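Engineer: My structure is below; once you've seen it, I'll send some questions.
The values are calculated or read from the model by the stated rules, or taken from the named source; none is laboratory data. Small disclaimer: the values here were computed from a predicted structure and weren't measured. A quick note on method: Cβ atoms are made from the backbone with ideal geometry, for glycine too, and the neighbour counts reach across all protein chains shown.
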Amino acid sequence: MMHDVIMVGGSYAGLSAGLQLARARRKVLMIDAGQRRNRFAATSHGFLGQDGQAPAIIAAEGRSQLMEYPTVTWVQDSVVEAVAEQGGFRVRTQCNGEFKAKRLILATGVVDELPAIEGLQERWGTRVFHCPYCHGYELEQGRIGVLATSPLAMHHALMLPDWGTTTLFTNGVFTPDAEQQAQLDRRGVAVQSTQVTRISGERADLELADGRVIALDGVFTMSRTRISPLAAQLGCELADGPTGAYLHTNDMRQTSVAGVFACGDTSLAAGSIALAVGEGVRAGVGAHFSLISG
């Protein structure tokens, strides 16, 4: 069966793109491995109409609404290969064989590669975060740490005083220069240069190499992000972002490969449900216009 569009990834961006195409009565195949990037977070914030809702509930409701459209099929699986061929694209899945479509949308998200500090992984999404707009307010103007993984930690450090008392832990990654230190001073940010060895406690206590323990209510850090290998298989052009490569797209969210579109974290150097949903709309509409124009 030749589908109009195969959607690789059924999280927020993929669901949003799929909805536009379903409402255009196009045959859409959704293939999703069930690994949402925000699966560790208990609540989602900053998404109009869903503020404070559990991410899993938002995703489940979105899927339920999408599957009301009769032209949509859902396959729970991982896509391991994608190739262009005459008339469209062919994808191979881990368990369910091969599928074909005229257009392909990559909504695969990213994999977060976290700092190798004991205690950080198990607190990711609960006490260690990446987005102040998503999680800063709930810290109740408490004690906030910024754990540097690169000089880009300055971005977090200068933002976060709006959400609480902020300390920048440079962690041997960089030393603020005179201008940066002046900026930190103006924002009231304390700086700790001693190495962080471990995160412990019910919240997020940072244990330092000199034996001190600094109690915090939350920590913000930047992961390195890794996109799906499908982009390289298809020959899509990449762009360099602050945390890793992402897919370069035009205004209609088409990649450098004709007929391949992308949306969500895989094509945007930022991450939130609201942004992913908006980008999904653009990719779905872009793919539909592409089908119309041939």
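Engineer: Cβ contacts < 8 Å: first residue more than 20 Å from Ala60 (Cβ to Cβ), restricted to segment 2-19; second residue modelled with pLDDT under 95, any location; separation 6+ or different chain. Result?
Structural biologist: Met2/Gly87
Engineer: Is it true that some residue in segment 99-110 is part of a strand (DSSP E or B) and closer than 30 Å to Thr170 by Cβ?
Structural biologist: Yes, the conditions are met somewhere in segment 99-110.
Engineer: Okay, moving on. Does Gln76 fit the bill of being more than 14 Å from Ala101 (Cβ to Cβ), touching a helix residue (DSSP H, G or I) at 6+ places or on another chain (Cβ under 7 Å), polar (S, T, N, Q) and surrounded by fewer than 22 Cβ atoms within 10 Å (Cβ to Cβ)?
Structural biologist: Here the answer is no, as Gln76 does not meet what is asked.
Engineer: Across segment 35-83, what is the number of residues that are of a type in the set (Ser, Thr, Tyr) and either free of Cβ contacts under 8 Å to residues at least 12 places away in the same chain or not in a loop (DSSP other than H, G, I, E, B) (or both)?
Structural biologist: Result for segment 35-83: 2.
Engineer: Something else now. For segment 254-268, which residues satisfy the criterion of being within 14 Å of Ala13 (Cβ to Cβ) and either free of Cβ contacts under 8 Å to residues at least 40 places away in the same chain or not assigned by TED's automatic domain parsing to the domain that holds Gly88 (or both)?
Structural biologist: Across segment 254-268, the qualifying residue is only Leu268.
Engineer: Further, regarding this structure: Residue check, Arg186 against (1) within 14 Å of Pro115 (Cα to Cα); (2) surrounded by fewer than 20 Cβ atoms within 10 Å (Cβ to Cβ), all met but one. Which one?
Structural biologist: So the condition that Arg186 fails would be (1).
Engineer: Restricting to segment 111-141, name every residue that is charged (D, E, K, R) and not in a helix (DSSP H, G or I).
Structural biologist: Once the filter is applied, which keeps residues that are charged (D, E, K, R) and not in a helix (DSSP H, G or I), segment 111-141 yields Asp112, Glu113, Glu118, Arg127, Glu140.
Engineer: Taking the conditions exactly as written (in the same structural domain as Phe40 (by TED's automatic domain parsing), touching a residue at least 40 places away in the same chain (Cβ under 8 Å), among the hydroxyl-bearing types (Ser, Thr, Tyr) and surrounded by 13 or more Cβ atoms within 10 Å (Cβ to Cβ)), does Thr108 satisfy them or not?
Structural biologist: Answer is yes for this residue.
Engineer: Moving on. Would you call Ile144 among the β-branched types (Val, Ile, Thr), in a strand (DSSP E or B), surrounded by 22 or more Cβ atoms within 10 Å (Cβ to Cβ) and over 18 Å from the mean Cα position of the chain (by Cα)?
Structural biologist: yes
Engineer: Next up: Quick check on my filter: what residues within segment 6-62 are modelled with pLDDT under 95 and over 20 Å from Cys131 (Cβ atoms)?
Structural biologist: Gly34
Engineer: Might you let me know whether segment 206-219 holds any residue that is touching a helix residue (DSSP H, G or I) at 6+ places or on another chain (Cβ under 8 Å), surrounded by 21 or more Cβ atoms within 10 Å (Cβ to Cβ) and touching a residue at least 40 places away in the same chain (Cβ under 8 Å)?
Structural biologist: Yes, there is a match, as at least one residue in segment 206-219 is touching a helix residue (DSSP H, G or I) at 6+ places or on another chain (Cβ under 8 Å), surrounded by 21 or more Cβ atoms within 10 Å (Cβ to Cβ) and touching a residue at least 40 places away in the same chain (Cβ under 8 Å).
Engineer: Look at segment 238-254 and say how many of its residues are β-branched (Val, Ile, Thr) and crowded, with 24+ Cβ neighbours inside 10 Å.
Structural biologist: Residues flagged as β-branched (Val, Ile, Thr) and crowded, with 24+ Cβ neighbours inside 10 Å within segment 238-254 amount to 1.
Engineer: Can you tell me which residue within segment 195-205, out of those that are in contact (Cβ under 8 Å) with a residue 24 or more places away in the chain and out of contact with any Pro (no Cβ under 9 Å at 6 or more places or on another chain), is surrounded by the most Cβ atoms within 10 Å (Cβ to Cβ)?
Structural biologist: Ala204
Engineer: With the structure loaded, tell me whether Pro242 is free of Cβ contacts under 8 Å to residues at least 40 places away in the same chain and not assigned by TED's automatic domain parsing to the domain that holds Pro132 or whether it fails that test.
Structural biologist: So Pro242 does not fit the description; no.
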